[in-house]
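Working notes for the structure below.
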Amino acid sequence: MSEELKRNSRSIPVKIKDDPYEVVVWRNGLQHIGEELTRVGIKTGTKILVVTNNDVAVPYAKLFLDSLKKSGFEPKLLVLEAGEDQKNPESIALIHDAAYSAKLERGSLMIALGGGVVGDMAGFAAATWLRGISIVQVPTTLLAMVDASIGGKTGVNHKCGKNLIGAFHQPKLVLIDPATLNTLPEREFRAGMAEIIKYGVIGDSKLFTLLEKSKDLKNLEALDNETLEELIHLSCSAKAKIVSLDTKEGGLRAILNYGHTFGHVIETLCGYGNWLHGEAVSMGMIAIGKLAIQLESWSKKDYERQKALLKKAGLPIVWPSLNQEEIFRVLQGDKKVKAGKIRFIIPRKIGEVEIRDDISIDKISQFILSLAKES
């Protein structure tokens, strides 16, 4: 690791037995991507397909490609349309077509430069091109930085549900440049904050307290660089620890889905893109928090602390108007259903959750009905 990197970055190891890698948080590190690839063992002359979208390409693509070329790599750029609605099999075909045109080989590389949608699609395309080539994640949204880029979950949406098509494919490197958040729309920033709040609830009460001490969480200007980078570092460290212990969501890793079960209901029934992922997760956290109160799993006080943080981040907390039967249908088709039982990540207190699949169908139905009455 170069002396400049040591001074200006923080590295978080993801200790997966067969595929260990680093998450490097480095302000202005985007212009050093070529050096970083060399550092982690990518050979000079490697063919690289950089997958991004039009929102990211304008401010960052030239800088990024110049760094790759300077380090002796052979990059090609593919610019996709932006939006959750683009996360579909047709977009994967476009990436595969570009991989063929770029003559990517098994020793070649794909790089995802963008948010979670780009990361998921490029990761899945890399996992399925020539039965799997390397992927590097360079997230440019807060949500992708602290969540989607780490852990190797890739995929696209199916018309019947979110991320039903996918694969586990660990990256060779995750490079996070917080400076890219300067061009991120405020709504996207708030959506990412939902995932940071999630980490506080599921396993890091100190992170939760740090968020509570912040005067405002609604936009980038409300946080100084040091605080922002500490929030990113703590969140990435939390996810790295969990995915290292449970690579393919066999047990513990399921707690990362806190707020997501009901969040995916909203995304599926309201249409992908009408609510941002983090916004749906926020409403999902409120919903599961209410269920936890009904189950006497956690206190009303902790529920109100969670709600107050979500409000401080400017996130939606009111359940949308949805059909009760449709909600139940989507819940039963969720990826987290096991042996026909719906699994929920239930909070016990700030910093602790549990996985439960023993909630009766009647209890779930009654709760869904109560949500419908509130909307």
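Quick look at the numbers
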item: All positions within region 91-130 that are among the aromatic types (Phe, Trp, Tyr) and within 15 Å of Ala148 (Cβ to Cβ); result: Phe124
item: Single condition Ala57 does not satisfy, out of (1) at pLDDT below 95; (2) assigned to a helix (DSSP H, G or I); result: (1)
item: Test: residue in region 231-242 that is touching a Lys or Arg at 6+ places or on another chain (Cβ under 7 Å) and over 20 Å from Gly29 (Cα atoms); result: yes
item: Candidate set: region 348-364, residues that are touching a residue at least 12 places away in the same chain (Cβ under 8 Å) and of a type in the set (A, V, I, L, M, F, W, C); chosen: the one nearest to Thr209 (Cα to Cα); result: Ile350
item: Selection count where residues are more than 22 Å from the chain's Cα centre (by Cα) and in a helix (DSSP H, G or I), scope region 65-102; result: 14
item: Scan of region 85-108 for residues that are modelled with pLDDT under 95 and crowded, with 20+ Cβ neighbours inside 10 Å, ordered by number; result: Lys87
item: Number of the exception - Lys301 against (1) closer than 20 Å to Glu195 by Cβ; (2) of a type in the set (D, E, K, R); (3) surrounded by fewer than 19 Cβ atoms within 10 Å (Cβ to Cβ); result: (1)
item: Count - residues of region 132-165 that are surrounded by fewer than 18 Cβ atoms within 10 Å (Cβ to Cβ) and modelled with pLDDT under 95; result: 6
item: Qualifying residue in region 189-201 (condition: modelled with pLDDT of 95 or more, crowded, with 22+ Cβ neighbours inside 10 Å, of a type in the set (Ser, Thr, Tyr) and closer than 30 Å to Gly107 by Cβ); result: no
item: Criterion: of a type in the set (Val, Ile, Thr) and either out of contact with any helix residue (DSSP H, G or I) (no Cβ under 7 Å at 6 or more places or on another chain) or modelled with pLDDT of 95 or more (or both) - qualifying residue of Thr209, Thr261; result: Thr209
item: Residues within region 215-263 that are among the polar types (S, T, N, Q) and either within 17 Å of Ala144 (Cα to Cα) or free of Cβ contacts under 8 Å to residues at least 24 places away in the same chain (or both), tallied; result: 5
item: Helices (runs of 4 or more DSSP H) fully within region 229-315 counting 2 or more residues that are among the small types (Gly, Ala, Ser); result: 277-294
item: Tally of residues being at pLDDT below 90 and not in a loop (DSSP other than H, G, I, E, B) across region 328-358; result: 7
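The values are calculated or read from the model by the stated rules, or taken from the named source; none is laboratory data. Only a predicted model underlies this, so the values are computations on that prediction, with no experimental measurement involved. Please note: Cβ atoms are built from the backbone with ideal geometry, for glycine as well, and neighbour counts cover all protein chains shown.
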